[in-house]
Amino acid sequence: MQPQSVLADLVSQLEAPKFAQLMRFMANLPIPRDALELPAAAYGVGDTELLVRKLGQPGSLGTWAATWVYQQAYLPIGFWDEISVVTFLKERLTTAKRDLELHPGSHSILYGSAQQKGDGYYIPEATEAFYYLATNIAVSLSDAAMDTIGDHFREHFGRRFAQFGFATPQSMAEAGPNEVRRFTLDLLNSPSSYYFVAREGRISVVPVTEHGLYLTATGEAATAATATSSLSLSPRGFADLEALVNSRATSEADLQAFFTEHPHFLLGLDDVHCEVRPHIVLASPAGTKLVPDFMVRLEDPSHFALIELKKPTARILTGKGEAGQVGKVAAQAIKQLIEYTDAVRTSSARAELRHSIGAAPFDPYLVVLIGRGSPNQRHVWSSTRAGLPSVQLVTYDFLLERARSSRARNEQALAENSV
């Protein structure tokens, strides 16, 4: 089966909320030769949901910008006959035209406003906008059907847009096919809902994915039922984390991106971890900006941990045995964390933290995730100098073992509660 056919089959299994997540992900895939690097913005305009991405090239001699507007149009697979598709898409375009006309800020949504970006240049308003119907529909339409939809768009929107077209997952995935396929699989493996199941005097909660509504009829009687299947509760992305840890080519940026997308693995570092926040900006006493990799809230809302990531290939200790000295990379991470601690103690930083996260931890816990080693051991660095905090040095093998144990417990609980 061709890769595009595989992706179409996977997308056809998504419910509407999951398809919306997929579209947001794909709308932010890198665009070749686009130097603006602005994320797509989601707008709810009446009954219409739009994703708007500005693209272009800034430069010292001039800049240009355009926008791509994606209107999401999700249609359940049972209605993918051509007549139903054409009727549905025409109705969605009519609704979008009405909602945009009624929205006072529609021009700003579509064309943006001039704003300053780094290095002294400005991003101008978009000079043109391109309109795409972003649908999950994976059947081919006849030329006549395509012309009907295109004529309906031009009749309603006239020349307001430079171009009209269709954006399917297959066409949008060309910028990153492997990433889109992996994201779609993760969506399919995440629960659609949770069912309460009563059996033999016990009540359990089972995560399921729904596959649609089915009707059966015999004579005058009809029955409707939703087909579901139960899901494994294994942590999403576990295989990817293992691959990153085992690869010598893995960079700190790779790990930062992975944990930003899969923060639940960092929650597994300690049972009291509750909420993960990446890239909290701190100001040092000297006024420079400091950005810890992650800040994690503990069960006590006034306490946080600061986590600094280093490569799995970095050595924690030099020398032989546990009596060895802290390695160079680990020492650099410890120095960074101590600088962060000094920063969070300043009055200005504490005021900013209260505004951004609702708390101002005076003495955060400090953790370095680094290197390989025993899956059951943490190293603790402490200094003989008064006033310097201790730092936990945690290996990636420890993190992987915590994830494996969590997966085993969840799968056992799911097996016990299955019906």
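The values are calculated or read from the model by the stated rules, or taken from the named source; none is laboratory data. Note that this is a predicted model, so its numbers are computed, not measured. No Cβ is skipped: glycine too gets one built from the backbone with ideal geometry, and neighbour counts run over all protein chains shown. The accessibility values were calculated without ligands, DNA or RNA, using every heavy atom of the protein model including side chains. Shrake-Rupley method; radii C 1.70, N 1.55, O 1.52, S 1.80 Å.
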Any hit, the range 65-88, residues being more than 22 Å from Pro17 (Cβ to Cβ) and in contact with a Pro (Cβ under 8 Å, 6 or more places away or on another chain):
yes
Residue pairs within 8 Å by beta carbon, gap of at least six or interchain, first lying in the range 267-294 and closer than 10 Å to Ala343 by Cβ and touching a residue at least 12 places away in the same chain (Cβ under 8 Å), second aromatic (Phe, Trp, Tyr) and surrounded by 14 or more Cβ atoms within 10 Å (Cβ to Cβ), listed first then second, are Leu282/Tyr340; Leu290/Tyr340; Pro292/Tyr340
Pairs please, first residue from the range 139-159 and assigned to a helix (DSSP H, G or I), second anywhere and open to solvent by 30 Å² or more (accessible area, probe 1.4 Å) and among the basic types (Lys, Arg), Cβ atoms under 8 Å, 6+ apart in sequence or on different chains.
Thr148/Lys90; Ile149/Lys90; His152/Lys90; His156/Lys97; Phe157/Lys97
Hey, does the range 43-50 have a residue that's assigned to a helix (DSSP H, G or I), among the β-branched types (Val, Ile, Thr), in contact with a Ser or Thr (Cβ under 8 Å, 6 or more places away or on another chain) and on the phi < 0 side of the Ramachandran plot?
no
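Conditions (1) outside any loop (DSSP other than H, G, I, E, B); (2) of a type in the set (A, V, I, L, M); (3) in contact with a Phe, Trp or Tyr (Cβ under 9 Å, 6 or more places away or on another chain); (4) at pLDDT 85 or above, marked per residue:
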site	(1), (2), (3), (4)
Leu14	no, yes, yes, no
Asp34	no, no, no, no
Val52	yes, yes, yes, yes
Gly56	yes, no, yes, no
Gly59	no, no, yes, no
Ala66	yes, yes, yes, yes
Val69	yes, yes, yes, yes
Gln72	yes, no, yes, yes
Arg92	yes, no, no, yes
Just to be sure I understand the filter: pairs with C-beta atoms under 7 Å, separated by 6 or more residues or on different chains, first member in the range 365-376 and basic (Lys, Arg), second member open to solvent by less than 50 Å² (accessible area, probe 1.4 Å) and assigned to a loop (DSSP other than H, G, I, E, B). Which pairs pass?
Arg372/Pro312; Arg372/Thr395
Would the range 78-88 turn up any residue that is in contact with a helix residue (DSSP H, G or I) (Cβ under 9 Å, 6 or more places away or on another chain), over 17 Å from Ile137 (Cβ atoms) and open to solvent by less than 60 Å² (accessible area, probe 1.4 Å)?
no
The residue that is modelled with the highest pLDDT, considering only those in the range 340-358 that are of a type in the set (A, V, I, L, M) and open to solvent by 10 Å² or more (accessible area, probe 1.4 Å), is Ala351
Test of understanding: among Asp99, Asp151, which residue is among the acidic types (Asp, Glu) and open to solvent by less than 70 Å² (accessible area, probe 1.4 Å)?
Asp99
Pairs where the first residue, in the range 175-188, is open to solvent by less than 80 Å² (accessible area, probe 1.4 Å) and the second is assigned to a helix (DSSP H, G or I) and polar (S, T, N, Q), C-beta under 8 Å, 6+ apart:
Leu187/Gln21
